[in-house]
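The values are calculated or read from the model by the stated rules, or taken from the named source; none is laboratory data. Quick caveat: nothing in here was measured; it's all calculated off a predicted structure. All Cβ positions, even for glycine, are placed from backbone atoms using ideal geometry, and neighbour counts span all protein chains on display. For accessibility, only protein heavy atoms count, side chains too; no ligands or nucleic acids. Shrake-Rupley method; radii C 1.70, N 1.55, O 1.52, S 1.80 Å.
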Amino acid sequence: MQIKKSPKANLENYSKLFMQLGLVLALLVVYLAIEKKTYDRVIGNLGPVVLNMEDEEQTIEIEQIKPPEPKTPPPPTPDKIEIVEDEEEVEETVIESTETDEDEAVEVEEIIEVEEEEEVMEDVPFAIIEDVPVYPGCKGSKAELRACLQEKITKHVNRKFNADLASDLGLAPGVKRIFVMFKIDKRGNIVDVMARAPHKRLQEEAIRVVNLLPKMTPGRQRGTPVGVKYSLPIAFKVE
């Protein structure tokens, strides 16, 4: 029996064509894979990280809206400093020999026992104090007392600081920073208040406000009351 089949329907006639098409596609895929470009991942500069010994202490921002005022005149030029040559003669110190002869008798003075004085602890920064000073009304764990103290000081400054002071100073618009340093001594009193500000009246106002802080329970280091140094940055915004 003869099989009736069209020569065009016989796929074996196209086997070479299919193989060539497959090779062309494979070469195309390999070419595209080689030509594909990859780029290194670029991470932007994160900038330097500033570590502050007092990084736990907050910055207080005080906003003040004020119309522009004429700028204050520049400070007077300091007097010229004259350098004077030092013509004073300095006598040389002669050190005598303390060596003794082997045959020479050595006299030993009476030994007096001296009682050791109690160790006096220096002031400790607020960032590393073991037991922080306790603000009146604050309670809780060490972490809660620390957070409460910072919150109370922030509220005190915002309430007592004269926010209208900049209207009389003629300061240029922008953020003015006041840096205040003070100590809570062994008895819980506020002492040694110092401030640095762009204007003397702002400096005086910051010192006045900090001196109004109430007496606190003193901080302790290893169970002993110590003075605690506290830094208080204040951001004063003038618009």
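Observations, loosely collected:
- Cα gyration tensor category, rounded, prolate or oblate, for segment 122-238 with a/c compared to 1.5: prolate
- Amide H contacts under 5 Å for residue 124, placed H, 5+ residues apart: 227, 228, 229
- For residue 154 and residue 212, a Förster radius of 22 Å and the Cβ-Cβ distance give a FRET efficiency of 0.95, rounded to the nearest 0.05.
- To put it simply, the accessible area of segment 122-238 at a 1.4 Å probe is 50 percent carbon and sulfur.
- Length gained on full extension, residue 169 to residue 17, computed as 0.36 nm times the residue gap minus the Cα-Cα distance: 45.5 nm.
- Residue 205 sits among other residues whose Cβ lies under 12 Å from its own Cβ, and their net charge, with Lys and Arg +1 and Asp and Glu -1, is +2.
- Surface accessible to a 1.4 Å probe, per residue, for the residues of segment 122-238, Å²: 51
- Restraint check, 139/186; 215/237; 183/215; 160/186; 139/160; 152/183, Cα-Cα greater than 18 Å: 139/186; 215/237; 160/186; 139/160
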